[in-house]
Each structure stands twice: as C-alpha cells, then as structure tokens.
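Enquirer: Next up is a structure, given as structure tokens.
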Number of protein chains: 2
Amino acid sequence: MTSTNDLWFSEYHTPDVRFSIKVTEQLYHGKSEFQEIAVFDSAEFGRFLTLDGYMMLTERDEFVYHEMIIHPAFAVNPNIKRVLIIGAGDGGAVRELARYKGVESIDVAEIDGEVITVCKEYLPQTAVGFSDTRVHLHITDGLKYVRKKTDYYDLIIVDSTDPFGAAEGLFTKEFYGNCYTALKSDGILINQNESPFYDNDAKSAKRAKQRISSVFPISAVYSAHITTYPSGLWLFGFASKSFQPLDFDGQLWNALGIKTRYYNTELHKGAFALPTYVRKLFGE
Amino acid sequence: MTSTNDLWFSEYHTPDVRFSIKVTEQLYHGKSEFQEIAVFDSAEFGRFLTLDGYMMLTERDEFVYHEMIIHPAFAVNPNIKRVLIIGAGDGGAVRELARYKGVESIDVAEIDGEVITVCKEYLPQTAVGFSDTRVHLHITDGLKYVRKKTDYYDLIIVDSTDPFGAAEGLFTKEFYGNCYTALKSDGILINQNESPFYDNDAKSAKRAKQRISSVFPISAVYSAHITTYPSGLWLFGFASKSFQPLDFDGQLWNALGIKTRYYNTELHKGAFALPTYVRKLFGE
C-alpha cells in the first residue's frame, strides 16, 4: 500500500547517525510490562517490528539474521535434537529451526508474551515458526529458565535484543556459564553478538565475546550483512564444548535440501573470515 | 569540533530509505564542469566527500573501500608493475597502490580535476596518494584514455561513481572491451560493482557483471561491508585473462608486510563467498 503521508521511522544508530524508513502505516503500538512494541508497514522493507524504538526485524531482510543465527550450527552438527531459544518472540529463528526434521524439541523462553501475540497478529512471515508442534513456549526470563537444565540441550540460541533493558542479563558471564551447564558435552551456543563498527556496539561485541571465551573452550565470531541493523555489519558468536565452527562437511548440509536465501556452506566459511579491525577488536 | 547546529546531511538510498549524518561544518561547496562537489565534517565519520549529493567517502570508513579495490588483485598477482586507475579523484586507491614497491607506474585518469584539487585541500588522508612520484595524473575521460593503450597494463582499476551522469560510459561493454585490449595477457580488471541489495542498485550490479563476463574469460564478484554506502553491502568485480581470484598464496602477500585494517588473505577468500541471493542475481 502506498501513502501520501510523509511519515518516517528513524533509528539513531549513534547520536550522530540516523537511519530512516518511509512508513505507509503504523499497524500496532502498545506497551507491554517490559517494552514499547510497534509494528509498521513500508514500501521498501515491508512490515517491520520495533521494540523501544529499536529495529528488530523487517520482512525484507529478516531472512539474513534468522538464517545466520540457525544454519551454521546445523552444518557443524547435523544431529542436533534438543534446542533452546532465548528471546525470538518474532518466531523467525523458530521457523528456520523447524526446517530440520531431526530436531525433536524446541523450547522457546521469551520474557515478553505480548511480543509473540503481536507478531502472530501482524508478522505471520516469522510467527509461522510457532505453529510447529515441536515448539514449547515458555513465557519466562531465559536467564532463569536456563538454570533449570543440566547436560540437556544440543543447541542454545540467544536471540536477544541489545545488552540493556530486558536483555541485559543475557550478556553476563553467569548466564553464559548456565548455558554451558545446560548444554550436552557436544553442545553449541549461538548468540547475536552486536556489531563491531560503531564504538558503543563494538564495546558490547567485545565484552560478549570475552565472557563467552572465558566459559567455553571453543569460541569464534562470524558476521553477516543486515541492512537495517546499525552499520549493516552484524556479528554472531559460535561457542562449543567440542565442535570447531569450520570443521564440517558442506555436502552433508547441502544434502538436507534446505532452501536458503543468504546462507550457504561456502558463505559459512567466509563469514568466519573477519576484517582485520574486527579481529583486533577481539584481540586476535 | 562539535557544533550546536542541528545540521544533517542525508542521502536517499532509495526514495523510501534515508541515511543521515550529523554535520559539524560544511567545509567546501562548489560546482565543477561535471558535478556538484561538497566536503563536510562530522563527529562520527570525520570529513566526508559527496558528489551530486551521493556519498563518495568518509574518513572513518574509506579504508574498507580503498583496501578492497586494491589489495585482492595484488594477492593474486604480486608482480603488478603498470597500473591504470580510472576515477579515484580522492586519491584513496592511489594511496593503497603506492604501498607496493614493485609498482613502477600509476596512471590516473580522472575526468574532473576539481575533485582532485578539493581533495588535496580538504581530504589529505586520501589525497596523500597523489604525492607518490610514480603517479601520472591525466585529467581526461577514462573512457577515451583507455583506448590509447594496447597490451600495456597489468592492472586496471575502475574506481567510478554510480552508473549515471559522468560515469555512465564506464559501465558499457565497449569500455570493458577497451580495458581488455589495454591489459596484458595476464592483466586484471577490478571495478566497483554497485550493491546487490536495493532493486535499482542490484540491476546495475547485475548488468556490470554480465557485460564484464561477456568480455573476460574469468570474472567473479566479491563483497565488502561499507557502512556509508547504500545497504552497507558493496560489490567489486574481479576480471582477468588468466588469473583465478582464489588461486593465490596468502603467505606471499603477507610477506610484503602491508598493514591493513580491513583486508587480510583469509577475508579475501571469504569476500568471494557470496550470499545465496547475490549468487542468484548473477545467475549462478
């Protein structure tokens, strides 16, 4: 739908940098116990979700984030069966997970049930993930939920917002330690790891990587290009008790026949080859 | 320098997407025979150059573009001696080129001498490139300049603006054919190849790649992340008469001791591993 209104959503990526999208319509606006939730429609990016004014996803480029937070772990370990996702109220990560027939159960720990309700209503493209029968929804703090489990999960995905407000605890050493305990001896932890470009984001990225490295024997960072996130260069963390992120047989993953728009097994290797300034940020 | 003025430079990446940088001061503004030239200062990105309102470079992230348009070719062929750069009025690509002791001559064909004059005055970080004694400046249309040479260059760099206005001719099949003729039998052509993300940019990227492929027996596209360019995901073309872009010995390049902030030989390989949607754009 077009609109004659000159209506723009803007996000300040830093106090001096602003990214703006022309909006055709605000579809939803409300406050939950935890945050301000809004859904907009736009010609360029389709519908998009913001939490406390920060861009969470757009229909146009969410495939990059959701493919990249899920598929690399499965290329490395095709035998993942039990998965915990923390956050992920939009359902996009669950949707990608549900494409693996070998996955037996998907626990979703989302602190804000209203995000799920809103996404089911306005963002079916991602919320479709919740319709899978293997999904078990837990409207609870992921920080607390993960403490209940020991030697249980093959994969934990931390699909969090930024490290302040509701998600602050999901960037602590204590939390990463609890993830370690909740994972099996060959478990993998994947986290959204912020961006290395703007100074404040880079500090968060560095801190998260350091804390994860202090808990897991194997940890690495990989990148993806997400147009609507600050700077466009986004990082994910890969941590494991036994798997090396580049030690995998691409043919095995390709044989699964999972159709993707961003991820492929060559790009998997490329994503771990970081720019020199990002390597330096992580002390490599 | 800080400023209390609420002054912003904005570029429309599409009619519905706007990227804005808070400006402390406009340092230069003028019209040349070919285009409107402006230089601004900003807290987040340092000084930046725009031509006809389009972002050309910022001091903060120009290293990505200039390293990535120069270094991959030298990793593949360390024996490059004669180079032609078309465009490059800011001097950044020349600066990176001049770091190779083996390079004997650098012809620069820039159509707009005023860009060079302005950059020498306001952007010494990149314009420093012009101070190298191996550089020969030709204020002329690159399209015409390249026609004069046959079997002469080891490397041609097309550091052009976007494919409209002054640079339109630098995206034609005729031009690529003339580059082919001007290159030696093991010559390499590198071009800025637009972005694959927004529809109009993607069309330009596809067209350039197709035309180059129709002229050169070997051609490939690689990517880099440039925060201040539309979508942040930018492409470069690598075309050659004999060299494969991934057939190189990283140790040889590393032995040169060239310090970089973005490029490294692992990233070189990763940069050619494109997202699936970009592969499809190029019909792969």
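The values are calculated or read from the model by the stated rules, or taken from the named source; none is laboratory data. Quantities reported herein were computed from a predicted structural model and do not represent experimental measurements. Note that each Cβ is placed from the backbone with ideal geometry, even for glycine, and that neighbours are counted across all protein chains shown. Side chains included, ligands, DNA and RNA excluded: accessible areas come from the protein's heavy atoms. Shrake-Rupley method; radii C 1.70, N 1.55, O 1.52, S 1.80 Å.
Enquirer: Going 7 Å from Cα along the Cα-Cβ axis for the label, what nanometre distances separate B:Gly30 from the same residue across the other copies?
Expert: Output for B:Gly30: 5.9 nm, nearest copy listed first.
Enquirer: Ok, one more. Quick one: Karplus J couplings for the range A:203-208, per residue in order, coefficients 6.51, -1.76, 1.60, θ = phi - 60°, nearest Hz, x for Gly and Pro?
Expert: 3J(HN,Hα) across the range A:203-208, in whole Hz: 4, 4, 4, 5, 4, 4.
Enquirer: What are the distances, in nm and sorted shortest first, from the label point of B:Gln251 to the label points of the same position in each other copy, with each label point placed 7 Å from Cα along the Cα-to-Cβ direction?
Expert: Values, ascending and in nm: 2.9.
Enquirer: With n ≥ 4 as the cut-off for DSSP H runs, can you work out [θ] at 222 nm for the protein assembly as shown, using -39500 (n - 2.57) per run divided by the number of residues, rounded to the nearest 500?
Expert: -8000 deg cm²/dmol
Enquirer: If you take the Cα Rg of chain A and divide it by 2.2 N^0.38 Å, with N the number of residues, what do you get?
Expert: The reported ratio for this selection is 0.95.
Enquirer: Over the range B:102-232, what lengths in whole Å, largest first, do the semi-axes of the equivalent ellipsoid take, defined as the square roots of 5 times the eigenvalues of the alpha-carbon gyration tensor?
Expert: 23, 21, 14
Enquirer: Compute the relative contact order of chain B as a whole-number percentage, counting only Cα pairs closer than 8 Å that sit 6 or more residues apart in sequence.
Expert: This gives 16 percent for chain B.
Enquirer: Heavy-atom accessible area per residue, the range B:1-99, 1.4 Å probe: how many Å²?
Expert: 35
Enquirer: Going highest first, how would you order A:220-233, A:137-150, B:265-278, A:81-94 by mean Cβ packing within 10 Å?
Expert: Descending packing order for the listed peptides: A:81-94, A:220-233, B:265-278, A:137-150.
Enquirer: Calculate the radius of gyration of the Cα atoms of the range B:232-284 to one decimal place, then report Dmax, the largest Cα-Cα distance, as a whole number, both in Å.
Expert: 13.2, 38
Enquirer: Would you please classify the overall shape of the range A:8-58 from the alpha carbon gyration tensor, given that a ≥ b ≥ c denote the square roots of the eigenvalues, rounded means a/c under 1.5, and beyond that prolate means a/b larger than b/c while oblate covers the rest?
Expert: Oblate, since a/c reaches 1.5 and b/c is not below a/b.
Enquirer: Between A and B, buried accessible area summed over both sides at probe 1.4 Å, in Å² to the nearest 100?
Expert: 3400
Enquirer: Now for a separate question. Just the Cα atoms of the range B:1-106: what Rg and Dmax do they give in Å?
Expert: 16.7, 52
Enquirer: Now, a different point. What net charge is computed for the residues neighbouring A:Ile116, neighbours being all others with C-beta under 11 Å from the C-beta of A:Ile116, Lys and Arg scored +1, Asp and Glu -1?
Expert: With Lys, Arg at +1 and Asp, Glu at -1, the neighbours total -4.
Enquirer: For the range A:67-148, which GluC sites (Glu not before Pro) pass both filters: DSSP loop (anything but H, G, I, E, B) and at most 13 other C-beta atoms within 10 Å?
Expert: A:Glu104
Enquirer: Inter-copy label distances at A:Gln210, 7 Å along the Cα→beta-carbon direction, one decimal in nm, shortest first?
Expert: Nearest first, the other copies' label points are 5.1 nm away.
Enquirer: Would you kindly derive the ³J(HN,Hα) couplings of the range A:142-153 from the backbone phi angles with the Karplus curve 6.51 cos²θ - 1.76 cosθ + 1.60 (θ = phi - 60°), listing them in order in whole Hz, with x for Gly and Pro?
Expert: x, 4, 7, 4, 5, 5, 6, 10, 9, 6, 10, 8
Enquirer: Long-range amide H contacts for A:Leu233: which residues qualify at under 5 Å (H placed 1.01 Å from N, peptide plane, sequence gap of 5 or more or a different chain)?
Expert: Counting only residues 5 or more places away or on other chains, the set is A:Ile226.
Enquirer: The range B:184-284: D in µm²/s via Stokes-Einstein (Kirkwood Rh, Cα pairs, 4 °C, 1.567 mPa s)?
Expert: Calculated translational D: 90 µm²/s.
Enquirer: Taking each residue in A:272-280, count the Cβ atoms of any other chain within 10 Å of its Cβ, then average. What number comes out?
Expert: Mean shielding by partner chains, rounded to a whole number: 6.
Enquirer: How large is the Kirkwood hydrodynamic radius of the range B:24-177, in angstrom, based on all distinct alpha carbon pairs?
Expert: Computed over Cα pairs of the range B:24-177, the Kirkwood hydrodynamic radius comes out at 15.8 Å.
Enquirer: Ok, one more. Considering the alpha-carbon set of the protein assembly as shown alone, what are its Rg and its Dmax in angstrom?
Expert: 24.3, 74
Enquirer: Ignoring ligands, DNA and RNA, what percent of the accessible area of the range B:1-124 is carbon or sulfur (1.4 Å)?
Expert: For the range B:1-124, the apolar C and S fraction of the accessible surface comes to 46 percent.
Enquirer: Kindly tabulate the residues in the range B:194-228 with an accessible-area decrease of at least 30 Å² between the chain alone and the assembly of all protein chains, using a probe of 1.4 Å.
Expert: Correct list: B:Phe197, B:Tyr198, B:His225, B:Thr227.
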